[in-house]
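The values are calculated or read from the model by the stated rules, or taken from the named source; none is laboratory data. Source: prediction; values computed, not measured. With ideal geometry, Cβ positions are generated from the backbone for all residues, glycine too; neighbour counts draw on all protein chains shown. Please note that ligands, DNA and RNA were not included when accessible areas were found on the heavy atoms of the full protein model with its side chains. Shrake-Rupley method; radii C 1.70, N 1.55, O 1.52, S 1.80 Å.
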Amino acid sequence: MNLYLPAAALGIVLVVKLPSLVRRWRSPVVRSVNAVIFLQAAAFFFSAPPTITVVNEMTGVSNFSAALVYCILSAHACACRVLMENWREDVEVLPHTRRRVRRWIWGHGVVTILLIGCFVRGEAPVERQRDFETYYANTPFMREMVLLCLFAVTAAAAAAAAACWKWARDIRRERPERRTPAGGLLRIGLTVLAVGFLTNVTYGMAELAAVVAAWSGRDWEPLNRAAVSFACLGTLFVAVGFLIPIVGPWITARLFGPLWTLRALGTLRRTICRDGGPRSPMRLSTPWNAGPGRRLTDRMTDIHDRMLELGAYCSEEVRADAYARAREGGRTEAESVAFGLAAMFTAAADARALAMPADKEQGVVAVRALRAAEAEYRDLLVGISRALPALAVMPRAPAGAADTPTPDRHPSGQSPDGAADMEAALGGGLLVRPPPRQNAGWADRDRALNDSLARLSCR
């Protein structure tokens, strides 16, 4: 396996993060992240056979690269544990965190000194690039150096995996009102980290098994070589686990978020684009190479245009009735507003499909209600789209609830004088009422809209 590829990839990441390191040098988390990346890249680079040959020739000491790589692995294990401690730093337990960090640093410092001491006392005259652990498994001091490194790396990886599982479990047990998308990404990253650290534990156990087998004269060198693949895989998981909470929010906001919103708007798009409209079914004039954000912007703009076209067929009484029934059903204010608007535009689409007479002045009321709701509630269009399927299971209004309109009485129950109603509409209230209608077609049109809503409730 070419170990220079992951080393080069990690080196590029380190160069990209270098400005952040310079600006935020005093941050323990920033320093820990850069230390982990640097030590990972160094471990891959110095473990490559060509590098081993060059280092041994430059120093004039056989297998000097083995001691160097072991020291780097010990430092990397320490950096991972320090990063975990600093990452979950809490102001209330900050002194305890610092003490734990110091203990890990001192502990791995002692391990590094012992590794160097064992290498100096031992004898390893034959250069071994790939099977150093099993070849010198029975050599005094070399044996101890190998076991010390493997135990230190395995213990640190196991402790890091346990810390990741515990942290992820604590996030999963948080109250629903405290959960955030960032917390979900953090939990995913911690899970991937735990898998990566457990893979490193597997690497250490495989190496130990090969060494123990060599003590009894058995040759388990294939297992030793397979352990290197586990080490590379574990490093990949650890790198991805650290990147998910950092890069995840950016990817979600610019890629998955718009895609999810586009999918959620599908029901609303199909409802307001029924046959009978002045234009053909919705077709976005979006470039084929446009990103999800651009596509979402075009889709929302088109939906708003279609809603404006339906404004002349809207009925405020339909909206108010659906809003009241949603509130009576125990839904929140935002959900009730979305239900009311969904019922109004659904009935308007039915009225247009039935070629009912349009009323342009009525569109003023619908637009005001829509704009007022958009100013108060985020993702209103998504809420309306999600409310459309639920309209079928909403309780129907009791029979006879709506009074029969008379020439001097508006269906909303207001007086014929529309000045106060129009002023309320222009004021942007959510429950604005339409100006009074005294023409003969009002009663027939309103009955048709109510019949459309009744049919929708029975679906």
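List the number of the failed condition for THR97; all other conditions in (1) closer than 24 Å to ARG225 by Cβ; (2) open to solvent by less than 30 Å² (accessible area, probe 1.4 Å) hold.
Against the list (1) closer than 24 Å to ARG225 by Cβ; (2) open to solvent by less than 30 Å² (accessible area, probe 1.4 Å), THR97 comes up short only on (1).
Can you tell me which of VAL55, VAL13 is among the β-branched types (Val, Ile, Thr), out of contact with any Lys or Arg (no Cβ under 8 Å at 6 or more places or on another chain) and at pLDDT below 85?
Testing whether each residue is among the β-branched types (Val, Ile, Thr), out of contact with any Lys or Arg (no Cβ under 8 Å at 6 or more places or on another chain) and at pLDDT below 85 leaves just VAL13.
Among residues belonging to the range 369-387 that are touching a helix residue (DSSP H, G or I) at 6+ places or on another chain (Cβ under 7 Å) and open to solvent by 30 Å² or more (accessible area, probe 1.4 Å), point out the one that is modelled with the highest pLDDT.
Of all residues in the range 369-387, those touching a helix residue (DSSP H, G or I) at 6+ places or on another chain (Cβ under 7 Å) come to 369-370, 373-374, 377, 380-387.
After this cut, where a residue has to be open to solvent by 30 Å² or more (accessible area, probe 1.4 Å) as well, the list is 374, 377, 386.
Numbers: GLU374: 84, TYR377: 86, ARG386: 91.
Per the stated criteria, the residue is ARG386.
Scan the range 12-41 residue by residue and report those that are among the small types (Gly, Ala, Ser) and within 19 Å of PHE237 (Cβ to Cβ). Please lay out each step first, then the result.
The initial filter retains those residues of the range 12-41 that are among the small types (Gly, Ala, Ser), namely 20, 27, 32, 35, 41.
Of everything in the range 12-41, those that are among the small types (Gly, Ala, Ser) and within 19 Å of PHE237 (Cβ to Cβ) turn out to be SER32, ALA35, ALA41.
Would you confirm whether or not the range 87-107 contains a residue that is part of a loop (DSSP other than H, G, I, E, B) and more than 42 Å from the chain's Cα centre (by Cα)?
No, the range 87-107 contains no residue that is part of a loop (DSSP other than H, G, I, E, B) and more than 42 Å from the chain's Cα centre (by Cα).
State the number of residues belonging to the range 260-276 that are at pLDDT below 85 and either open to solvent by 100 Å² or more (accessible area, probe 1.4 Å) or closer than 14 Å to HIS304 by Cα (or both).
2
Within the range 320-339, is there a residue that is surrounded by fewer than 23 Cβ atoms within 10 Å (Cβ to Cβ), modelled with pLDDT under 85 and of a type outside the set (Ser, Thr, Tyr)?
no
Can you tell me which of (1) closer than 26 Å to SER229 by Cα; (2) out of contact with any Leu (no Cβ under 7 Å at 6 or more places or on another chain) is the one PRO125 doesn't meet?
Here PRO125 clears every test but (1).
Which numbered condition trips up THR346, out of (1) part of a loop (DSSP other than H, G, I, E, B); (2) surrounded by 21 or more Cβ atoms within 10 Å (Cβ to Cβ)?
Just one mismatch for THR346, condition (1).
Across the range 209-230, what is the number of residues that are more than 19 Å from THR154 (Cα to Cα) and either open to solvent by less than 80 Å² (accessible area, probe 1.4 Å) or of a type in the set (Phe, Trp, Tyr) (or both)?
The number of residues fulfilling the criteria is 6.
Can you confirm whether the range 106-121 contains a residue that is touching a residue at least 60 places away in the same chain (Cβ under 8 Å) and either farther than 23 Å from LEU10 by Cβ or out of contact with any helix residue (DSSP H, G or I) (no Cβ under 7 Å at 6 or more places or on another chain) (or both)?
Scanning the range 106-121 turns up no residue that is touching a residue at least 60 places away in the same chain (Cβ under 8 Å) and either farther than 23 Å from LEU10 by Cβ or out of contact with any helix residue (DSSP H, G or I) (no Cβ under 7 Å at 6 or more places or on another chain) (or both).
So GLU144 clears everything in (1) modelled with pLDDT of 90 or more; (2) touching a Lys or Arg at 6+ places or on another chain (Cβ under 7 Å); (3) charged (D, E, K, R) except one condition, right? Which one?
Condition (2) is where GLU144 drops out.
Without any contact (Cβ under 8 Å) to a residue 40 or more places away in the chain, over 16 Å from PHE132 (Cβ atoms) and open to solvent by less than 20 Å² (accessible area, probe 1.4 Å) - does that describe any residue in the range 39-59?
There is at least one residue in the range 39-59 that is without any contact (Cβ under 8 Å) to a residue 40 or more places away in the chain, over 16 Å from PHE132 (Cβ atoms) and open to solvent by less than 20 Å² (accessible area, probe 1.4 Å).
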